[in-house]
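A.B. asks: A single structure is presented below for examination.
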Amino acid sequence: MIHNWKKNISFPLLVAALCMIAFISIALSISDNQIHRFDDTLIGWIQGLESPGMTQFMHLFTWIGSEMPVVFITIIAMIVLYVCLRHKRELLFLACVLAGSTLLNALLKLVFQRARPTINRIIEVSGYSFPSGHSMAAFSLYGGLAFLIWKHVPTVTGRVLMIVASAVFILTIGISRIYLGVHYPSDIVGGYFLSGCWLSTCIWFYRRHLERMSQLQSRRLA
């Protein structure tokens, strides 16, 4: 039982470490201007899909990943967690994931100060480019919600559909930023890896906290 506990607790830390290594690799490649071929290839492919209908579709998803919808979805999720399910720990977990992701994004944008793309920009956005705030917010929000909802979904099919839906939202929001010309692909991928690192770290602390609470309760009942 102790072996299984250590395995379950340590796995999020392994994921966090791998995501951090991947993020650092991307950041170093950007600093050394070694990632242009990757960015140019994906930009050419994604923006080659441009059409009026596709532009409207991408506008919708970039709006879904923007500040107000993310705040609205977060508030609704927190109300459900607190009022309906009485899950105070889950509410705190989600708040920490989103707040930490936002702070990391703001800090690292100031550190790297990467300018946004200037070619074929469909919308105008100010601020620095790396890492993408939209991709980080989407990964943190939908990834965090998927983690919390997972244990409440009774069937394997339901869990698979939930993971697929979360992945579609995360990926499409990221792609919309490339399509609209306001981010490089490396901004998006870097944001995913950084949020993956942060989310996994939060999951590790959350699970460790639950385990400690369970141990304390067992001692009281003994």
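A.B. asks: Would segment 62-71 turn up any residue that is over 20 Å from residue 192 (Cβ atoms), assigned to a helix (DSSP H, G or I) and out of contact with any Ser or Thr (no Cβ under 8 Å at 6 or more places or on another chain)?
C.D. replies: First, the residues of segment 62-71 that are over 20 Å from residue 192 (Cβ atoms): 68, 71.
If we keep only those that are assigned to a helix (DSSP H, G or I) too, we end up with 68, 71.
Adding the requirement that they be out of contact with any Ser or Thr (no Cβ under 8 Å at 6 or more places or on another chain) leaves 68, 71.
Scanning segment 62-71, I find at least one residue that is over 20 Å from residue 192 (Cβ atoms), assigned to a helix (DSSP H, G or I) and out of contact with any Ser or Thr (no Cβ under 8 Å at 6 or more places or on another chain), so the answer is yes.
Condition check ((1) of a type in the set (A, V, I, L, M); (2) buried (at least 18 other Cβ atoms within 10 Å of the Cβ); (3) not in a loop (DSSP other than H, G, I, E, B)) across all residues:
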| site | (1), (2), (3) |
| --- | --- |
| 40 | no, no, yes |
| 50 | no, no, no |
| 59 | no, no, yes |
| 76 | yes, no, yes |
| 81 | yes, yes, yes |
| 101 | no, yes, yes |
| 107 | yes, no, yes |
| 111 | yes, no, yes |
| 123 | yes, no, no |
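Each row is one residue, and each column tells you yes or no for (1) modelled with pLDDT of 90 or more; (2) open to solvent by less than 90 Å² (accessible area, probe 1.4 Å); (3) touching a Gly at 6+ places or on another chain (Cβ under 6 Å).
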| position | (1), (2), (3) |
| --- | --- |
| 5 | no, yes, no |
| 10 | no, yes, no |
| 20 | yes, yes, no |
| 27 | yes, yes, no |
| 34 | no, no, no |
| 53 | yes, yes, no |
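A.B. asks: Ok, one more. Against the condition on the phi > 0 side of the Ramachandran plot and either touching a residue at least 60 places away in the same chain (Cβ under 8 Å) or over 20 Å from the mean Cα position of the chain (by Cα) (or both), how does residue 33 come out, does it pass? Break it down into steps so the answer makes sense when it comes.
C.D. replies: Values: on the phi > 0 side of the Ramachandran plot: yes; either touching a residue at least 60 places away in the same chain (Cβ under 8 Å) or over 20 Å from the mean Cα position of the chain (by Cα) (or both): yes.
Taking the combined requirement at face value, the residue satisfies it.
A.B. asks: Can we say residue 118 is part of a helix (DSSP H, G or I), among the polar types (S, T, N, Q) and surrounded by fewer than 21 Cβ atoms within 10 Å (Cβ to Cβ)? Break it down into steps so the answer makes sense when it comes.
C.D. replies: On the way: part of a helix (DSSP H, G or I): no; among the polar types (S, T, N, Q): yes; surrounded by fewer than 21 Cβ atoms within 10 Å (Cβ to Cβ): yes.
Judged against the criteria, residue 118 is not a match.
The values are calculated or read from the model by the stated rules, or taken from the named source; none is laboratory data. Just so you know, these numbers come straight off a predicted model, no measurement behind them. A quick note on method: Cβ atoms are made from the backbone with ideal geometry, for glycine too, and the neighbour counts reach across all protein chains shown. Please note that ligands, DNA and RNA were not included when accessible areas were found on the heavy atoms of the full protein model with its side chains. Shrake-Rupley method; radii C 1.70, N 1.55, O 1.52, S 1.80 Å.
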